[in-house]
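Below is one structure, written out as structure tokens; comments come after it.
The values are calculated or read from the model by the stated rules, or taken from the named source; none is laboratory data. Worth saying up front: this structure is predicted, and the values here are computed from it rather than measured. Cβ atoms come from the backbone with ideal geometry, glycine included; neighbour counts cover every protein chain shown. Heavy atoms of the whole protein, side chains included, go into the accessibility calculation; ligands, DNA and RNA do not. Shrake-Rupley method; radii C 1.70, N 1.55, O 1.52, S 1.80 Å.
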Amino acid sequence: GCSALRAGSARDSNLTRALRALLALALLISLAGCGTTRWSDTARTATEQLLISNAIDRAVSELDFSVLGGRDVYFDPMYLRGTTDENYLVSSLRQHLLASGVVLREARTEADFVVEARSGGVGTDRSDLLFGVPSVAVPSVPGMPVPMPSTIPEIPFAKSTNQRAVAKIAVFAYNRKTGRPVLQSGVVPVTSTARNSWFFGAGPFQRGTVYEGT
């Protein structure tokens, strides 16, 4: 009788442990979750946009509209059509005119002076430098029992990517009634830069005008 009682107690103990294990497993399953995050990229990289806007900002800031301070001015953006980031460039010029004390008029007939702007180039360049083994394409071999990789990835010891944007902007102003010139800016290209460097896989280490200043 005692042995049967001990066997029954052992069975109950084993059953209790099994129930606890099942409850713990159920709790873990209920706490576990699965989630996904959707990633997407814009058609133009943020660095490219920052480079161009930085070059535009620097070029516009060099223009001197003080001679038109307090005058009624009509800004004509017609010759900027099709320029990269046209809206940003036009708005930057209008802001700079206002900051110089110019009174902007929305109609040409309401202004005493007309300001015209043009762009000789707004765009980006890029150059890459690699110290190491570049990526190599591997020709396919028919009949191989095990498929071979199509390319061998690059093995960089040091690597840098240099990007720059150039904005060449010119403006001039004239009296709307007489046609006489009152302002002519210089035509000097302004450059903004961004450089990313990697050393033995560490990086990127970033430098350039897009990371500096306000």
FRET efficiency estimate (nearest 0.05) - Cβ-Cβ, Ala158 to Arg94, R0 35 angstrom: 0.20
Local electrostatic count, Asp112, Cβ distance below 13 Å [Lys/Arg +1, Asp/Glu -1]: +4
Kirkwood Rh and Cα Rg combined as Rg/Rh, the range 72-214: 1.28
Residue-normalised accessible area of the range 42-174, expressed per residue, 1.4 Å probe, Å²: 58 Å²
Relative contact order (percent, whole number), the range 43-127, Cα cutoff 8 Å, 6+ residue spacing: 41 percent
